[in-house]
Every structure is written in C-alpha cells, then in structure tokens.
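This report refers to the structure that appears directly beneath it.
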Amino acid sequence: MDAHSTFFWHPKAGSSAREWEDGAGAGAGRFVVVDGATEAYDSIRWVAQLVTSFVHTGPAVTPEALGDWFTAMQKQWVADAPTVFANVIEEYKFRTDGSFATFLAGELLDLDGPRPRWEAAALGDTVLFHVRDGDLVTHFPYMSVDDFGLSPDGVDTRPAALPQMLRGLTVSRGDLRPGDTLYVATDAFAHWILHQSRTPLWTVLSTMDHPDTFRDLVTDQRRAGRMRNDDVTLLRIRVTAQPPSRLVVCL
C-alpha cells in the first residue's frame, strides 16, 4: 500500500498568513499537526521546531521515546533563543512563561506487510479522524463537542511541565485498508467536524482539491457562526493500493 498527504490551512480572520500559528508535516510514513497557543511566547518558532524535528528525526510513538524527545525539544528551544531580546517583557515571557502547543503525531506502519496500521500520540485537542467507505471508524483522542476548552494539554517548553505532559499523553492505533483516509485537524476545525460528522461531510473533505476551496469553506462556516474564529489546519492522508499516477501542484 501507499500513502500520500495534503494539508490545508487558513489563519484566523483578521490575521495574515505570517501570523498563522499552526503547523503540519508529513513524510517517510510520519505525520504531525501542531497548534501553537496564541498567548504563548514565540509559538510560531516552537511549532516549527516540533514539526521539523518530528518528521525528520523524531521518536517512535511511545510514551518513553516521546518523553525523551520532549526533553530534547525543550533544550533545543533554549539553545535557539535570541541572543538579545527586544525588551525586558519579551525576555521575561521567554524565561517565565515559555511557549506551548497542542500536538498530534504518528506513524504509518507495515503498509506492505500483514498488518498495516497507524499509531499516534496526542496532547490536547488536535484530533485524528479515521474514515473508511465514507464512514467515521474512530477519532483520537476521543472528544465530544463539549470537551473543547480554553486550557487543553500540550507540549510546553518549560522542563517543570514535563511530568504533567507525560500524564496527559495518550496513544492509540488503528488498522488500515486501501481506500482509508486519515484527517488530522486543529481544534476549531475538529470541533466543527464533530458537529457535522456524517457521510456528506467526508465526501466534501475527500474531494477538496484546492486551498481556495478549503478557505472558502472555513470563511463560510465562520460567517454562519458554525466555526470558531481561530487558525485552522487540516492534514489529509489517503491510503491507496498503489502509488498515485500523477502529482498535482496548486498555484
């Protein structure tokens, strides 16, 4: 089997593309979606660090390996800090508050073997949806529409937060078949999916073929009051029996 990924994103209304604080990446059977906290210090840098590291050199999806990786990420965050801060307030926020992001990352395993599957770990309210034949198989972490709040778990830059992070970390897995699709969405879009979850929704998301289509969908749902105004990101991973016959690039 083969897997290919596409990601869609749109900043919160009133913000520019440069102010988008989410991040997503996929490659070599690995995938990750991260949602930086707006109120945190330099969350864009923290998100980029987590995404780049996990896709290219990240750990196995186990609590033990992730715990070691979180520690390494916290040390890298400090090592890559600015040598001079813009002002004392910025330096205070760096040293005292640090940065923070919700996190969902995983691997596609044994695609050519007897038990193809996904394995993923999550901290917070970024959610994976596993869809087969137009129906939702499962979503992870399991959340209802009432479980999205203002203080989710997440990956913190402060070493003192590590024990709490490991307590909140959850891991799950699911078997894969050709034709399955995985969607990983940050909180505002995931919350909207859970409100809308039914076959027509999955048809819309599976046939979406251009970033503008996604942006129009998000804009329409925000204006209708059905989606919270927040940065949104959707990673779509399609599992197929054969590699795709062509590459499509949206300009």
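The values are calculated or read from the model by the stated rules, or taken from the named source; none is laboratory data. Please read all numbers here as calculations on a predicted model, not as lab measurements. Backbone-built Cβ (ideal geometry, glycine too); neighbour counts: all protein chains shown.
Within the set of pairs 6+ apart or on separate chains, which have a first residue in the stretch 1-24 that is without any contact (Cβ under 8 Å) to a residue 60 or more places away in the chain, a second that is basic (Lys, Arg) and buried (at least 20 other Cβ atoms within 10 Å of the Cβ), and C-beta atoms under 7 Å apart?
Between residues of the stretch 1-24 that are without any contact (Cβ under 8 Å) to a residue 60 or more places away in the chain and residues that are basic (Lys, Arg) and buried (at least 20 other Cβ atoms within 10 Å of the Cβ), there is no close pair.
Within the stretch 6-21, can one find any residue that is over 21 Å from PHE189 (Cβ atoms) and of a type outside the set (Asp, Glu)? Break it down stepwise before answering.
Step one: filter the stretch 6-21 for residues over 21 Å from PHE189 (Cβ atoms), giving none.
No, the conditions are met nowhere in the stretch 6-21.
Please enumerate the residues belonging to the stretch 203-217 that are surrounded by 15 or more Cβ atoms within 10 Å (Cβ to Cβ), of a type in the set (A, V, I, L, M) and in a helix (DSSP H, G or I).
LEU205, LEU217 - these are the residues of the stretch 203-217 that are surrounded by 15 or more Cβ atoms within 10 Å (Cβ to Cβ), of a type in the set (A, V, I, L, M) and in a helix (DSSP H, G or I).
Hey, among the residues in the stretch 183-202 that are assigned to a helix (DSSP H, G or I) and small (Gly, Ala, Ser), which one's surrounded by the fewest Cβ atoms within 10 Å (Cβ to Cβ)? Before the answer, list the steps.
The first filter runs over the stretch 183-202 and keeps only residues assigned to a helix (DSSP H, G or I), leaving 187-196, 199-202.
The next check asks that each one be small (Gly, Ala, Ser); those that pass are 188, 190.
On the way: ALA188: 24, ALA190: 27.
Applying the filter and picking the extreme gives ALA188.
Is the stretch 196-204 home to any residue that is within 21 Å of GLY106 (Cβ to Cβ) and either over 15 Å from the mean Cα position of the chain (by Cα) or modelled with pLDDT of 95 or more (or both)?
Going residue by residue through the stretch 196-204, those that are within 21 Å of GLY106 (Cβ to Cβ) are 197, 202.
Next cut, either over 15 Å from the mean Cα position of the chain (by Cα) or modelled with pLDDT of 95 or more (or both) only: 197, 202.
Yes; the residues of the stretch 196-204 include at least one that is within 21 Å of GLY106 (Cβ to Cβ) and either over 15 Å from the mean Cα position of the chain (by Cα) or modelled with pLDDT of 95 or more (or both).
State yes or no: is THR62 within 14 Å of ALA120 (Cβ to Cβ) and in contact (Cβ under 8 Å) with a residue 40 or more places away in the chain? Quick ask: steps written out before the conclusion?
Details: within 14 Å of ALA120 (Cβ to Cβ): yes; in contact (Cβ under 8 Å) with a residue 40 or more places away in the chain: yes.
Considered against the rule, which asks whether it is within 14 Å of ALA120 (Cβ to Cβ) and in contact (Cβ under 8 Å) with a residue 40 or more places away in the chain, THR62 comes out as yes.
Restricting the search to the stretch 12-31, which residues are buried (at least 19 other Cβ atoms within 10 Å of the Cβ) and under 26 Å from PRO82 (Cα atoms)?
GLU21, ASP22, GLY23, ALA24, GLY25
Suppose the filter is surrounded by 15 or more Cβ atoms within 10 Å (Cβ to Cβ), closer than 25 Å to TRP202 by Cα and of a type in the set (Gly, Ala, Ser); does GLY98 pass it?
Against the criterion (surrounded by 15 or more Cβ atoms within 10 Å (Cβ to Cβ), closer than 25 Å to TRP202 by Cα and of a type in the set (Gly, Ala, Ser)), GLY98 does not qualify.
Assess whether ASP220 counts as being out of contact with any helix residue (DSSP H, G or I) (no Cβ under 8 Å at 6 or more places or on another chain) and either more than 24 Å from GLY14 (Cα to Cα) or surrounded by 13 or more Cβ atoms within 10 Å (Cβ to Cβ) (or both).
Working: out of contact with any helix residue (DSSP H, G or I) (no Cβ under 8 Å at 6 or more places or on another chain): yes; either more than 24 Å from GLY14 (Cα to Cα) or surrounded by 13 or more Cβ atoms within 10 Å (Cβ to Cβ) (or both): no.
Answer is no for this residue.
Only one of LEU111, LEU104 is in a loop (DSSP other than H, G, I, E, B), under 17 Å from GLY27 (Cα atoms) and hydrophobic (A, V, I, L, M, F, W, C). Can you tell me which?
Working: LEU104 fails: in a loop (DSSP other than H, G, I, E, B).
Within the list LEU111, LEU104, the selection yields LEU111.
Among the residues of the stretch 1-29, which ones are touching a Leu at 6+ places or on another chain (Cβ under 8 Å) and in a strand (DSSP E or B)? Talk me through it step by step, then tell me what you get.
Restricting attention to the stretch 1-29, the residues satisfying the condition of being touching a Leu at 6+ places or on another chain (Cβ under 8 Å) are 1-3, 5-9, 23-24, 26, 29.
ASP2, ALA3, SER5, THR6, PHE7, PHE8, TRP9, GLY23, ALA24, ALA26, listed by residue number.
I need a count of the residues in the stretch 123-153 that are surrounded by fewer than 17 Cβ atoms within 10 Å (Cβ to Cβ), under 17 Å from the mean Cα position of the chain (by Cα) and in a strand (DSSP E or B).
Of the residues in that region, 1 qualify.
Check ASP68 against each of (1) more than 20 Å from ASP125 (Cα to Cα); (2) touching a Pro at 6+ places or on another chain (Cβ under 7 Å); (3) in contact (Cβ under 8 Å) with a residue 60 or more places away in the chain; (4) of a type outside the set (Lys, Arg) and name the one condition it does not meet.
(3)
Inspect all residues belonging to the stretch 167-180 and state whether any of them is at pLDDT 95 or above, part of a helix (DSSP H, G or I) and either β-branched (Val, Ile, Thr) or surrounded by fewer than 20 Cβ atoms within 10 Å (Cβ to Cβ) (or both).
If we filter the stretch 167-180 for residues that are at pLDDT 95 or above, which is where we start, we get 167-180.
Next cut, part of a helix (DSSP H, G or I) only: 167-168.
Imposing the further condition that a residue be either β-branched (Val, Ile, Thr) or surrounded by fewer than 20 Cβ atoms within 10 Å (Cβ to Cβ) (or both) reduces the set to 167-168.
Checking the stretch 167-180: at least one residue is at pLDDT 95 or above, part of a helix (DSSP H, G or I) and either β-branched (Val, Ile, Thr) or surrounded by fewer than 20 Cβ atoms within 10 Å (Cβ to Cβ) (or both).
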